[in-house]
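None of the figures in this text is laboratory data; all of them are computed from the coordinates on show. From a predicted model like this one, the values you see are computed outputs, not experimental measurements. Cβ atoms come from the backbone with ideal geometry, glycine included; neighbour counts cover every protein chain shown.
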Amino acid sequence: METKELFMNGEFVPIERGMISVRTHGFAYGTGCFEGIRGYWNESEQQVYLFRLREHYERLMRSCAILQISLPYTVDQLIDISAELVQRNGQRQDVYLRPVAYKADQTIGVRLHGLQDDFIITSEPVGNYIDTNGMSAGVSSWRRIDDNAIPARAKISGAYVNSAFAKSEAMQNGFDEAIMLTHEGHVSEGSAENIFLVINGELATPAPTENILLGITRDTVIELARRELGRITRERQIDRTELYVADEIFMCGTGAQIAPIISVDHRPVGNGKIGPISSAIQQLYNDVVRGRSSDYRAQWCTPVYAHERVS
Ligand code: PMP
């Protein structure tokens, strides 16, 4: 179904009206923050499930706090608005929701305070964002933005220039994806994904202080690995060369889902094929997001059709 409406400044409007001025602060300076949320179509239940909507909006609230953006909605209201948007668009397929809170002032001058803020949400059909059948990765020459430069724990629009540098460098050098290091030289994350290594049957992932976006998929993976596979995750500093000797590596994110990495800097990861733990996590994740696992559905999946208001 084609996208018909978006949510903009308090109302649902036709998609053609979703426009901003060329003088918008957020456009000129990147002073905005956003979320990327997936909705999954469940054929047997004829339902779209929005995955971990609450956690996405809680993170948006934290990004707004860091950027001094005031959002005139509660998390519960944002959940209701999101479900209504997909309903109004009549979307019965996988969808991608993009809420954006940004500095909407049309004044010249870089700052955060004392500016008018706006908020939009769009919802559109989506497929796979990146290859989930085994990707090659290269360690980037671009370092991950530092917490004291542009905090990575906030999902700040302007910060994605850092990701774009890394992703294009990787692709233009023949890799599928980039792995960025911190200024200290530890593994941080991909261009738009968190990273996990499997080492001796345990999972390892960079700690929250390694300039990562604290991913909701990352949290989901940690939980599924522990509860379903009995595998613990160590959140710690990871050296670059651990990437070369890990048994398995995968990236994860809302867009990327679970994306195994089969080579890093031209060195095969393990035997160069998707490993058993990555593949088990991938299957679990695919079931959970589509609302096919009753253990997680009530907690993590918001149904769009026959949605009961939470606010
Ligand atoms: N890191 C970055 C830089 C990202 O853009 C994303 C995608 N939002 C992630 C990690 C993964 O986060 P999530 O699982 O919440 O989508």
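A Cβ-based charge dipole, computed about the Cα centre of the chain with Lys and Arg at +1 and Asp and Glu at -1, lands at about 220 debye. Given R0 = 45 Å, the distance between the Cβ atoms of residue 74 and residue 133 translates into a calculated FRET efficiency of 0.65.
Expressed per residue, the C-alpha convex hull volume of the range 191-311 stands at 123 Å³. For 187, 139, the sequence from fewest to most other C-beta atoms within 10 Å is 139, 187. Given their separation in residues at 0.36 nm each and the Cα-Cα distance between them, residue 229 and residue 23 gain 69.0 nm when the chain is fully extended.
Which residues does the label zone of residue 308 cover in the range 263-299, counting backbone N under 20 Å from a point 7 Å along Cα→Cβ? Within reach of a label on residue 308: 291-299.
With the convex hull drawn over the C-alpha atoms of the chain, the volume per residue is 132 Å³. Under the simplified labelling scheme, the residue 173-residue 219 pair shows an inter-label distance of 3.3 nm, with each label point 7 Å from Cα along Cα→Cβ.
As an equivalent ellipsoid, the range 248-311 spans semi-axes of 33, 12, 7 angstrom, where each value is the square root of five times an eigenvalue of the C-alpha gyration tensor, largest first.
From the Kirkwood radius over Cα pairs of the range 5-125, Stokes-Einstein at 37 °C and 0.692 mPa s returns a whole-number translational diffusion coefficient of 219 µm²/s. Sequence-distant contacts, meaning Cα pairs under 8 Å at least 6 residues apart, place the relative contact order of the range 1-153 at 31 percent. Counting Lys and Arg as +1 and Asp and Glu as -1 over every other residue whose Cβ lies under 11 Å from the Cβ of residue 275, the net charge comes to -1.
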